[in-house]
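Notes to accompany the following structure.
The values are calculated or read from the model by the stated rules, or taken from the named source; none is laboratory data. Small disclaimer: the values here were computed from a predicted structure and weren't measured. Every residue, glycine as well, gets a Cβ built from its backbone with ideal geometry; the counts of neighbours run over all protein chains shown.
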Amino acid sequence: MCSPAARIVHPSNPPVRRTILLVEDEPFVREATRNMLANAGFSVLAAEDAVEAMRIFESCERSLDILITDMILPGLSGQQLGKDIRGRCPHVSVLITSGYGDAEHDIEDPATQTYFLAKPYSRGELLGKLGFILGKLAAQHAATQAS
């Protein structure tokens, strides 16, 4: 389901539980990250590859806020998966993770709401990056509403 990012939290609105699609082919990393996100209050949908992620995305009844994907996945890169999902739902932000730390300069592009987080990351680093991304979304939403 694709709905606009009109669910940004404002001081007068109650908090909204954000939905994240997590795509990670390493089971241990996927489960640990899913637990971190769920314990932080996010609704998490998890997939082991891009094919499963697209299947979840297409059948999801909830609005997707953020895609977190490993850069290197079986079959399709995380970057391409992000482009495919954003092509259908432009409001979705994409956070690409990778053990190749030098990839940040090639990946991070705030204009396309695409961000990078190097692996291994801590809970604080992950939640900090998500807070940054959600802050950007809130600012964009406020600017759109003011226009």
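Here is how the numbers come out for the structure above:
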{"item": "Identity of the residue in region 47-62, among the aliphatic types (A, V, I, L, M) and buried (at least 20 other Cβ atoms within 10 Å of the Cβ), that ends up nearest to Glu24 (Cα to Cα)", "result": "Ala47"}
{"item": "Every pair of residues 6+ apart whose Cβ atoms lie under 8 Å, when the first sits in region 21-41 and is polar (S, T, N, Q) while the second is in a helix (DSSP H, G or I)", "result": "Thr33/Leu126"}
{"item": "Those residues of region 18-40 which are within 20 Å of Pro74 (Cβ to Cβ), of a type in the set (A, V, I, L, M, F, W, C) and assigned to a helix (DSSP H, G or I), in sequence order", "result": "Phe28, Val29, Ala32"}
{"item": "The one condition in (1) polar (S, T, N, Q); (2) within 16 Å of the chain's Cα centre (by Cα); (3) at pLDDT 90 or above that Ser59 fails to fulfil", "result": "(2)"}
{"item": "Residue in region 93-136 that is farthest from Ala46 (Cα to Cα), counting only those that are among the aliphatic types (A, V, I, L, M) and free of Cβ contacts under 8 Å to residues at least 60 places away in the same chain", "result": "Ala111"}
{"item": "Single residue of region 1-24 satisfying the filter (touching an Asp or Glu at 6+ places or on another chain (Cβ under 8 Å) and surrounded by fewer than 18 Cβ atoms within 10 Å (Cβ to Cβ)) that is modelled with the highest pLDDT", "result": "Met1"}
{"item": "Candidate set from region 79-88 (those that are crowded, with 18+ Cβ neighbours inside 10 Å and over 11 Å from the mean Cα position of the chain (by Cα)); member that is modelled with the lowest pLDDT", "result": "Gln79"}
{"item": "Residue under evaluation Ala53, criteria (1) at negative phi; (2) assigned to a loop (DSSP other than H, G, I, E, B), criterion not met", "result": "(2)"}
